[in-house]
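Worksheet: one structure, shown below.
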Amino acid sequence: MSTVREITYQLLRELGMTVIFGNPGSTELPFLRDMPSDFKYILGLHERVATGMALGYAMAKGKAAFVNLHSIASSGNGLSALVDAWYGHVPLVVTTGQQDRRQLLAEPFLASRALETAKPYVKWACEPPRAEDVPRAILRGYHVALQPPMGPVFISIPMDDWTRECLPPDCREVHYKVSPDRVALDGVVQALDSSRNPAIVVGAQIEEDGGWKEVIALAEHLQADVYQQPIAPRWTFPRKHPLFRGGLLPAQQPLANQLAAYDTVLVLGAPIFLYYAYVPGHTIRPGTKLFHLTNSPQDASAALAGTSIVGNLADAARYFLSHCQSRPRGTPTSRTEPAKPRPDYPITPAYLFSLLNEVMPQSAIIAEECPSSKGDLDQFLQSDEPGSFYSVPNGILGFGLPAAVGLQLANPSRRVVCSVGDGSAQYSIQALWSAAQYEAPVIFIVLRNGDYSALKSFCDFTEVGRNVSGMDLPGIDMVKIAQGYGLAAQEVDRPEDLEPGLREAFASPKPRLITVNVTKGGEKCMGMDHSVNPPRYR
Ligand SMILES: Cc1ncc(C[n+]2csc(CCOP(=O)(O)OP(=O)(O)O)c2C)c(N)n1
């Protein structure tokens, strides 16, 4: 018989998980020893980084990624990336070591209650009842992680299990796709056929379900205006398409106002709706018919209004395409191009992103984490390809840097650009080391405004006032930090130095960090100003 360790490596190989993201400790060493040569270990110097790189890798591949953390010692550090995976529907199989079963009851050093810690943010958490169940638990976890909505699972493995003997599990097939109810879809078809002016809201699940092409065809078939979901974690419609109308605002009444002109709204693959500031109002204008297609039963049950139908997004879009009447093409309203920003000093984020849009290849992938300049990025970066934009799924900073490295490792033929705030970069800064060591040629662009601008604008927006501690970030030298982790880095202060700096970065095949001194963030909060009647916290 083979050992649990040998069977597990064979299983991981069969499941295609031969890249292991992790940070090791004593309780993982019996597993990690003598790793087979067809496996690759990607070390993150902090578990937020190890798990965050796996997150980027899994999102890019659309497949499960394997993570190995160190007992409770590192599960806490990796938890925020697990939360990202939960909200971002990212399939991660996360394993952690546990103390030796034979002394667990005596609560030894490093005894781990990591299961309880992770439980609210994973689809399944398990410490196998017996050593010989470890491979089966990993197999079961893998299948749970990939079932829509995809997400993380968590398995705690006592360190003495790896040397026990066991039989291999049957690595059988599981098919995950759930087709939406045809009768329910017919109800939507009827409503769309009698609609005068429908709109579509596109969400991240379109990309999870491989439905980009189908949704573009559907929008053109219906001649429907298209909006991106609020605070989009992924872009799922071409930005330059004539039917694209931009993003929705993350608050009830302003969002309802944006959609007020439409008699029928079809939300494809997003919650109804993701709000940030509390501005009470209608979910949708009374009289507008609202339909919701989602791969998440949880989103279907949590929606505030409308008819929800659970199932695969590409499948649903294909059904509508073949069953709905097409609508005559209107006069194409081409996008009003924003005025080209000027090369002011200090550099504005708008100028930075308009220049980046000119310099970067069309196939570039953006990992975004620049809170107060998100709106400028949204306006000036014109990405039209699937799998090109990834952002913070639930507001936890630390996503950007490691996700960029994982995205780059999974996409060697495309260039990843990580646009990150100088504050946000600090939550997972060790990812720079992994980029250098694993030669992931990410271009990190740090927007150095010297403060937490997004929080300051929230203070203004909600009238908290500016007398708040802990909002300024003086004295951070990003060039030295990056160089210390082994990365080429430069600072750009003058607008005329920006284009040569960017061109040089794209010409080099190596990772590089450019820190750009930019103006502080503006008054707006997630695209909203005082006209939306924000809540007051004073
Ligand atoms: C882990 C975590 N800690 C704190 C926050 C609160 N927060 C939201 S935006 C923000 C400011 C980020 O600063 P920076 O990256 O410099 O971007 P800027 O706001 O200046 O554009 C902070 C601290 C958070 N969202 N996540």
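Points worth noting:
- Whenever a residue of the range 198-221 is of a type in the set (Phe, Trp, Tyr), its partners that are in a loop (DSSP other than H, G, I, E, B), lying with C-beta atoms within less than 6 angstrom and at least six residues away or across chains, give the pairs 212/386.
Rundown of residues vs (1) surrounded by fewer than 23 Cβ atoms within 10 Å (Cβ to Cβ); (2) within 20 Å of residue 192 (Cβ to Cβ); (3) at pLDDT below 95, yes/no style:
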position	(1), (2), (3)
203	no, yes, no
216	yes, yes, no
221	yes, yes, no
240	yes, no, yes
245	yes, yes, no
253	yes, no, no
264	yes, yes, no
274	yes, no, no
285	yes, yes, no
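- Output for the range 192-213, where each listed residue is assigned to a helix (DSSP H, G or I) and in contact with an Asp or Glu (Cβ under 9 Å, 6 or more places away or on another chain): 205, 206, 212
- Taken over the range 76-91, residues that are crowded, with 23+ Cβ neighbours inside 10 Å and assigned to a helix (DSSP H, G or I) amount to 5.
- Entirely in the range 449-518, the helices (runs of 4 or more DSSP H) that have 3 or more residues that are over 14 Å from residue 422 (Cα atoms) and more than 13 Å from the ligand (Cβ to nearest atom): 498-507
- Residue check for residue 354: in contact (Cβ under 8 Å) with a residue 12 or more places away in the chain, surrounded by fewer than 23 Cβ atoms within 10 Å (Cβ to Cβ), within 26 Å of the chain's Cα centre (by Cα) and in a helix (DSSP H, G or I): yes
- If you go through the range 270-302 and keep only what is part of a loop (DSSP other than H, G, I, E, B) and in contact with a Pro (Cβ under 7 Å, 6 or more places away or on another chain), you end up with 273, 274, 275, 276, 277, 278, 279, 295, 296.
- Residue check, residue 519 touching a helix residue (DSSP H, G or I) at 6+ places or on another chain (Cβ under 6 Å), of a type in the set (Ser, Thr, Tyr), buried (at least 17 other Cβ atoms within 10 Å of the Cβ) and closer than 20 Å to residue 343 by Cα: no
- Of all the listed residues (60, 106, 73, 111), the sole one being surrounded by fewer than 24 Cβ atoms within 10 Å (Cβ to Cβ), in contact with a Gly (Cβ under 9 Å, 6 or more places away or on another chain) and farther than 24 Å from residue 18 by Cα is 73.
- Among the residues of the range 380-392, those that are crowded, with 19+ Cβ neighbours inside 10 Å and either away from the ligand (no atom under 12 Å from the Cβ) or among the hydroxyl-bearing types (Ser, Thr, Tyr) (or both) comprise 380, 381, 383, 387, 388, 389, 390, 391.
- Residue match in the range 475-494 (condition: in contact with a Phe, Trp or Tyr (Cβ under 7 Å, 6 or more places away or on another chain), more than 21 Å from residue 369 (Cβ to Cβ), modelled with pLDDT of 95 or more and surrounded by fewer than 17 Cβ atoms within 10 Å (Cβ to Cβ)): yes
- Complete set of residues in the range 399-423 that are surrounded by fewer than 24 Cβ atoms within 10 Å (Cβ to Cβ) and either under 20 Å from residue 477 (Cα atoms) or within 14 Å of the ligand (Cβ to nearest atom) (or both): 422
The values are calculated or read from the model by the stated rules, or taken from the named source; none is laboratory data. Please read all numbers here as calculations on a predicted model, not as lab measurements. Glycine gets a Cβ as well: all are built from the backbone with ideal geometry, and neighbour counts include every protein chain shown.
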